[in-house]
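The values are calculated or read from the model by the stated rules, or taken from the named source; none is laboratory data. These figures come from a predicted structure and were not determined experimentally. When we count neighbours, we look across all protein chains shown, and the Cβ atoms used for this are built from the backbone with ideal geometry, even at glycine.
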Amino acid sequence: MASSSSQLDPRQGFHSTVTTTVTLDGDTLDDPTCSLHATYSLPPDVFVDPYELSDQHHDSYTFNLTGLVDVELPVSAAPPEGQVLSLHLISPDSWKATSEVSVQVPIHARYGLPSETGYHDIPLSPPQVVRRCLGTQQSSSTETTIPIPLSPASDPDALTLRIPVADPRHLALVEPATAGVVLGAFLLLAYTLAVAAAALRKPDPVSKPQKYID
């Protein structure tokens, strides 16, 4: 029976990869009209970069991505619907040899809201994996979609990403310290510009004529 499982590596930090492994059955391997598809529904806490997928994973799948891509926005400014990534897996000849296929999706976390724990856990949903096969019925083509279930051995914590966040108890120190550093940098820049301007305004010393003795 076909099944799928997914896991994150690493499980901590702002950059990780979701690896989805699909174990194939004989029906999928023997039917050349069948194709595999995976749909990832991502929360607003994380995002995928379409340019990264196109550059690094074009030989593994084609994809369609909907939702916000802006990589600079913190989670507080991101829309709540997140992103939806749909993959059409490219079937290499190795599928029949291994009866298994793995795909990787790099993800990136947005800056989270402050928490006294100093971290924020982001649970991700496993992708919905389906098999689509073409057939004929009364001289017309039909497509059958068959869901591929999760493996019973799947770890429910394998798709939880932990990221560091600011501690709100430190804001009373961080905010004035940041303001002090910015002010100090501004004063240093102003002083440097003033010294440079004074040097430019300083007249060149008049050279004295030299006496020549015959």
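Just one residue in the set Val84, Val75, Val103, Val48 is at pLDDT 90 or above and in contact with a Lys or Arg (Cβ under 7 Å, 6 or more places away or on another chain); that residue is Val75. Of all residues in region 115-139, those that are more than 30 Å from His58 (Cβ to Cβ) and either surrounded by 14 or more Cβ atoms within 10 Å (Cβ to Cβ) or among the basic types (Lys, Arg) (or both) total 3. Mind counting the residues in region 88-100 that are closer than 25 Å to Ser16 by Cα, at pLDDT below 90 and surrounded by 15 or more Cβ atoms within 10 Å (Cβ to Cβ)? Final tally of qualifying residues: 2.
Against the numbered list (1) over 30 Å from Asp31 (Cβ atoms); (2) modelled with pLDDT of 85 or more; (3) hydrophobic (A, V, I, L, M, F, W, C), Leu173 comes up short only at (2).
Conditions tested, residue by residue: (1) within 34 Å of the chain's Cα centre (by Cα); (2) modelled with pLDDT of 85 or more.
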site: Pro123; (1), (2): yes, yes
site: Gln128; (1), (2): yes, yes
site: Thr144; (1), (2): yes, yes
site: Ser154; (1), (2): yes, no
site: Leu159; (1), (2): yes, yes
site: Leu193; (1), (2): no, yes
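Of the strands (runs of 3 or more DSSP E) contained entirely in region 1-96, those carrying at least 1 residues that are under 30 Å from Ser115 (Cα atoms) and among the aromatic types (Phe, Trp, Tyr) fall at 35-42.
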